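Following: one structure in structure tokens, then a few remarks.
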Amino acid sequence: MSAFAIRQPLSAVSSKKVADKLLRATAALHKHLCPRQVLGVRMGVYAGRLLGIDLPQQDKRLIAFVETDGCFTDGVMVATGCSLGHRTMRLIDYGKVAVTVADTKVNRAVRIWPSAGSRQLAAQCAPDAPNRWQAQLDGYQRISDEELLAHAWVDLELSLSAIVGKKGVRVNCDICGEEVLNGREHASAGRSICSHCDGQSYYRPVAK
Ligand SMILES: [Zn+2]
Ligand SMILES: [Zn+2]
């Protein structure tokens with residue numbers, strides 16, 4: 001048995017193998033397995049269950065809005081198939097271990113976060129763990145979806161089509177000349193300019 005094996009079923013016996021495989025995948029990606037990755041995997045699997053969709057997705061039907069970066073997001077990625085590379089994951093950095101998964105086909109979204117008692121429950125489920133970290137790692141794999149996680153159906157305050165943008169469109173900024181993809185250019189006095197040139201930038205050149 002692998003060290004990452006789940007000792008008890010997640011929500012159903014049949015999901016054990018799937019979850020085990022997902023945890024191995026995220027551990028390989030991340031070079032270790034940690035409690036937040038387990039949470040990410042569990043949340044991703046739960047989202048599939050709630051939305052009634054087989055995951056990980058092979059298409060771009062679902063978009064995951066992760067509310068923090070780090071270990072957790074690798075778990076979500078592996079479980080859902082949503083990734084930055086596929087343009088199906090977005091970081092909304094609230095510093096929270098939470099995710100909203102939106103189904104673009106039927107326009108509904110579910111937000112998932114750890115239940116209030118998840119840490120204590122993890123400790124109770126792993127009484128022989130040598131420390132809190134290990135208790136969370138083990139416990140998060142043993143607790144049922146409903147006990148570990150909370151969820152709420154939500155409406156998005158952003159338009160999914162605006163998030164995806166105009167796929168395949170590219171223009172060159174009329175000021176800096178750099179290429180801008182997916183319709184992210186801004187119209188300004190008859191010109192198409194990039195966010196940076198429009199004054200909405202996260203960096204500025206070093207003064208010479
Ligand atoms: Zn980690
Ligand atoms: Zn520019």
## Note on the structure
Scanning region 35-63 for residues that are under 21 Å from LEU160 (Cα atoms), of a type in the set (A, V, I, L, M) and touching an Asp or Glu at 6+ places or on another chain (Cβ under 8 Å) gives LEU51, ILE53, LEU62
### Task
Please tell me if VAL76 is modelled with pLDDT of 95 or more and of a type in the set (Val, Ile, Thr).
yes
### Task
Collect the residues in region 165-187 that are touching a Ser or Thr at 6+ places or on another chain (Cβ under 6 Å) and exposed (fewer than 12 other Cβ atoms within 10 Å of the Cβ), keeping them in residue-number order.
none
### Task
Return a yes/no flag: does region 115-131 have any residue that is part of a strand (DSSP E or B) and in contact with a strand residue (DSSP E or B) (Cβ under 8 Å, 6 or more places away or on another chain).
no
### Message
Which condition from (1) in the same structural domain as CYS34 (by TED's automatic domain parsing); (2) surrounded by 13 or more Cβ atoms within 10 Å (Cβ to Cβ) is the one that ASN131 breaks?
### Response
(2)
### Query
In region 17-34, is there at least one residue being in contact (Cβ under 8 Å) with a residue 40 or more places away in the chain, away from ligand 2 (no atom under 16 Å from the Cβ), within 23 Å of LYS167 (Cβ to Cβ) and out of contact with any Cys (no Cβ under 8 Å at 6 or more places or on another chain)?
no
### Query
VAL106 fails exactly one of the following numbered conditions: (1) within 15 Å of VAL66 (Cα to Cα); (2) surrounded by fewer than 16 Cβ atoms within 10 Å (Cβ to Cβ); (3) among the β-branched types (Val, Ile, Thr). What is the number of that condition?
(1)
### Query
Checking ALA64 against (1) closer than 22 Å to GLN141 by Cα; (2) of a type in the set (Gly, Ala, Ser); (3) assigned to a loop (DSSP other than H, G, I, E, B), which test does it fail?
(3)
### Query
Would region 97-113 turn up any residue that is assigned to a strand (DSSP E or B) and under 19 Å from LEU33 (Cα atoms)?
no
### Query
Any chance region 146-155 includes a residue that's modelled with pLDDT of 90 or more, out of contact with any helix residue (DSSP H, G or I) (no Cβ under 7 Å at 6 or more places or on another chain), within 15 Å of ligand 2 (Cβ to nearest atom) and not in a loop (DSSP other than H, G, I, E, B)?
no
### Task
Among residues belonging to region 175-193 that are part of a strand (DSSP E or B) and β-branched (Val, Ile, Thr), point out the one that is farthest from GLY165 (Cα to Cα).
ILE193
### Per-region count, region 188-208, residues more than 11 Å from ligand 2 (Cβ to nearest atom) and surrounded by 12 or more Cβ atoms within 10 Å (Cβ to Cβ)
0
### Message
GLY70 - would you say it is surrounded by 21 or more Cβ atoms within 10 Å (Cβ to Cβ) and in the same structural domain as LEU156 (by TED's automatic domain parsing)?
### Response
no
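The values are calculated or read from the model by the stated rules, or taken from the named source; none is laboratory data. None of these values were measured; they are calculated from a predicted model. Cβ: placed from backbone, ideal geometry, glycine included. Neighbour counts: every protein chain shown.
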